[in-house]
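One structure is given here, and the rest of the page talks about it.
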Amino acid sequence: MAESSPNHTEPSHRHIEIAWPELGLTVTAELDGRNAELADALWEALPYRSLQGHALVAGQHLYHVAPIPSLLHVPASEKIADRRDAPDGTVFLSALQHLGIKYGTLTEPMPAAPVGRIRDEDIAALLEAGQAVWDSVYSTKQPILVEVRRAGSEGGHRIPHLTAADADANRLIHDVHAETELIWLTEPAELAALHRGVIPSGAGSFDTVLPTLLFVNGETRPLGYASYGGLVRAAVQGMPMDSLRHMTRLLVGVPAEFLGYCGLEPLWAFTQRFLACLDQLDRDDFLAVVSQLALYVNTLGGWNLHLYPWDSGDHLRQQRPAEVARS
C-alpha cells in the first residue's frame, strides 16, 4: 500500500491551530465534518494571518476577516439555529467573510454555520485571549494579530490574487490586491489619519471628529458585508448581467463617494475605476472584481472597528428594567 501524502488528512480528523503571537497563546480546533465545503475552503486557504477582532454588541465572541473569497457565497449545509446555544469554543465560518469563535455568553440570537470546536483543554487559553482582545479593541488600541494554520505546520500569510480577462478589470484587481496586502496587517494610512483628526476635506461639522468616525464606520461595514457580499452571491447565483450592473450602480457609488469625502480616497478611486469598466465585464470578470473589492472593503471595516474610540462612551452602561424602576 502506497504511503499517504504527509499533507493528506481525513476531513473528519483535521486540526487547525489558532495562535495569537503577541499574547503567547495557541489553541487547537478540530474541523469535525460539519459544513464540509466551508471547512475545505478554510483548510485550503491556510496558513494566514489577520487582525483579530471582537464582537461589540453580541457578547463573548472573537472574529476576524479571513482571506477566503468563497466564504462570501458557499452555502452552509448545516446551521445552528441560535448560536447562543452553541458550546463555548465552537468555531464558525460566515458569509461576512469571518472566522468566529464563541468563547462565552452571547446575547445576539442568530443562525450560524459551525465547522469545528476548540478542544476542551484549550478553553482556558481561549478565555484569556478573549479578554485580551476585548481590551485591545475597546480601549488600548494595540493590534493583536491572529495566525491560523494546519496543526503541526508552519505559519505564513498570503492574500488571494484573482484575475480577469478584461485588461482594465485585471489592472484594477492588481491594484486592489496590492492595497489590500498593504493594509491587511497594518492600519490604513487614511484611517489612521482620520482617527487622529486629520480630515483634508473638513468633514465634521464645527471641527468635530467623532461623528465623522461614526459615519465612516456605519457606511464601510454594510458596503462590504451587504453590498459587495450581496453582489458576489448574486453573480454566483445567476442574476442576469444587466441586473447585476444596475444593482452595482445602485449600491456602491454613493457610499464610496461619501467615504472618499471623509478621507477614504483610495476606496473612492477604486470604485470609480470599477464603475467605468462595469459595462464591458462578463460574469467571470465581474465576479473577480467584486470578490477582490469585497475583501478590501471588509479589511477596511475590520480596521475601522479596531480603531474606533469605543471607550469614549464608557460612562454609559446598560440598566436593567428593575434598576430603572427603582431609580
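The values are calculated or read from the model by the stated rules, or taken from the named source; none is laboratory data. Because the structure is predicted, anything quoted here is derived from the model rather than measured. We place every Cβ from the backbone using ideal geometry, glycine too, and count neighbours over all the protein chains shown. Heads up: the accessible areas ignore ligands, DNA and RNA and are worked out on the full protein's heavy atoms, side chains in. Shrake-Rupley method; radii C 1.70, N 1.55, O 1.52, S 1.80 Å.
Take the stretch 268-308 and flag every residue that is aromatic (F, W, Y) and over 28 Å from L210 (Cβ atoms). Lay out the reasoning, then the answer.
Applying the first criterion (aromatic (F, W, Y)) to the stretch 268-308 yields 268, 270, 274, 286, 296, 303, 308.
Within the stretch 268-308, F274, F286 qualify.
If I go through the stretch 50-67 residue by residue, how many of them are part of a strand (DSSP E or B) and within 30 Å of R317 (Cβ to Cβ)? Give the steps one after another, and end with the answer.
Here is the first cut: in the stretch 50-67, the residues part of a strand (DSSP E or B) are 50-51, 53-54, 59-65.
Then keep just the ones that are within 30 Å of R317 (Cβ to Cβ); that gives 51, 53-54, 59-65.
Final tally of qualifying residues: 10.
Looking at the structure I just gave you, is P211 over 17 Å from the mean Cα position of the chain (by Cα), surrounded by fewer than 19 Cβ atoms within 10 Å (Cβ to Cβ) and modelled with pLDDT of 95 or more?
Details: over 17 Å from the mean Cα position of the chain (by Cα): yes; surrounded by fewer than 19 Cβ atoms within 10 Å (Cβ to Cβ): yes; modelled with pLDDT of 95 or more: yes.
Yes, satisfied.
For the stretch 131-159, give me each residue that is open to solvent by 70 Å² or more (accessible area, probe 1.4 Å) and more than 18 Å from the chain's Cα centre (by Cα). Hits for the stretch 131-159 are Q131, T140, Q142, G152, E154. Take the residues in the stretch 13-24 that are touching a strand residue (DSSP E or B) at 6+ places or on another chain (Cβ under 8 Å) and either basic (K, R) or surrounded by fewer than 18 Cβ atoms within 10 Å (Cβ to Cβ) (or both); name whichever of them is modelled with the lowest pLDDT. So, considering only residues that are touching a strand residue (DSSP E or B) at 6+ places or on another chain (Cβ under 8 Å) and either basic (K, R) or surrounded by fewer than 18 Cβ atoms within 10 Å (Cβ to Cβ) (or both), the one modelled with the lowest pLDDT is H13. Of the set (1) without any contact (Cβ under 8 Å) to a residue 40 or more places away in the chain; (2) open to solvent by 40 Å² or more (accessible area, probe 1.4 Å), all apply to E30 but (1). Number of residues in the stretch 276-309 that are among the hydrophobic types (A, V, I, L, M, F, W, C) and surrounded by fewer than 15 Cβ atoms within 10 Å (Cβ to Cβ): the value is 1.
Only residues that are hydroxyl-bearing (S, T, Y) and under 24 Å from L194 (Cα atoms) were counted in the stretch 250-293, giving 2. Of all residues being without any contact (Cβ under 8 Å) to a residue 60 or more places away in the chain and either among the aromatic types (F, W, Y) or in contact with a strand residue (DSSP E or B) (Cβ under 7 Å, 6 or more places away or on another chain) (or both) in the stretch 109-121, which is surrounded by the most Cβ atoms within 10 Å (Cβ to Cβ)? Just the residue, please. Checking each candidate, the answer is A112. Listed by first and then second residue, the pairs linking a residue in the stretch 192-211 that is aliphatic (A, V, I, L, M) to a residue that is open to solvent by 50 Å² or more (accessible area, probe 1.4 Å), with Cβ atoms under 7 Å apart and 6 or more places separating them unless they lie on different chains, are A203/Y261; L210/S312. Taking the stretch 82-107 as the range and being over 22 Å from D40 (Cα atoms) and either among the hydroxyl-bearing types (S, T, Y) or open to solvent by 70 Å² or more (accessible area, probe 1.4 Å) (or both) as the test, the residues that pass are R84, D85, Y103, T105, T107.
Checking the structure you have, find out if any residue of the stretch 124-140 is assigned to a loop (DSSP other than H, G, I, E, B) and modelled with pLDDT of 95 or more. For the stretch 124-140, residues assigned to a loop (DSSP other than H, G, I, E, B) and modelled with pLDDT of 95 or more: absent. The condition (being of a type outside the set (F, W, Y) and touching a residue at least 40 places away in the same chain (Cβ under 8 Å)) is satisfied by just one residue among L250, L259, L275: L259.
Which one of the conditions (1) in contact with a helix residue (DSSP H, G or I) (Cβ under 6 Å, 6 or more places away or on another chain); (2) surrounded by fewer than 20 Cβ atoms within 10 Å (Cβ to Cβ); (3) within 28 Å of F270 (Cα to Cα); (4) of a type in the set (A, V, I, L, M) does A167 fail to meet, given that it meets all the rest? Answer for A167: the failing condition is (1). Just wondering, is there one or more residues in the stretch 187-202 that are of a type in the set (D, E), surrounded by 14 or more Cβ atoms within 10 Å (Cβ to Cβ) and not in a helix (DSSP H, G or I)? So far as the stretch 187-202 goes, yes, one or more of its residues are of a type in the set (D, E), surrounded by 14 or more Cβ atoms within 10 Å (Cβ to Cβ) and not in a helix (DSSP H, G or I). Within the stretch 154-178, the set of residues being assigned to a loop (DSSP other than H, G, I, E, B), at pLDDT 95 or above and of a type outside the set (V, I, T) comprises P160, H161, L162, A164, A165, D166.
For the stretch 186-206, the criterion of being at pLDDT 95 or above and within 27 Å of L281 (Cα to Cα) is met by none of the residues. Out of (1) small (G, A, S); (2) closer than 29 Å to Q237 by Cα; (3) open to solvent by 50 Å² or more (accessible area, probe 1.4 Å); (4) in a helix (DSSP H, G or I), the odd one out for S70 is which? Just one mismatch for S70, condition (3). If you filter the stretch 93-121 down to residues that are part of a strand (DSSP E or B) and either modelled with pLDDT under 95 or under 16 Å from S50 (Cα atoms) (or both), you find that the one that is nearest to the chain's Cα centre (by Cα) is H98.
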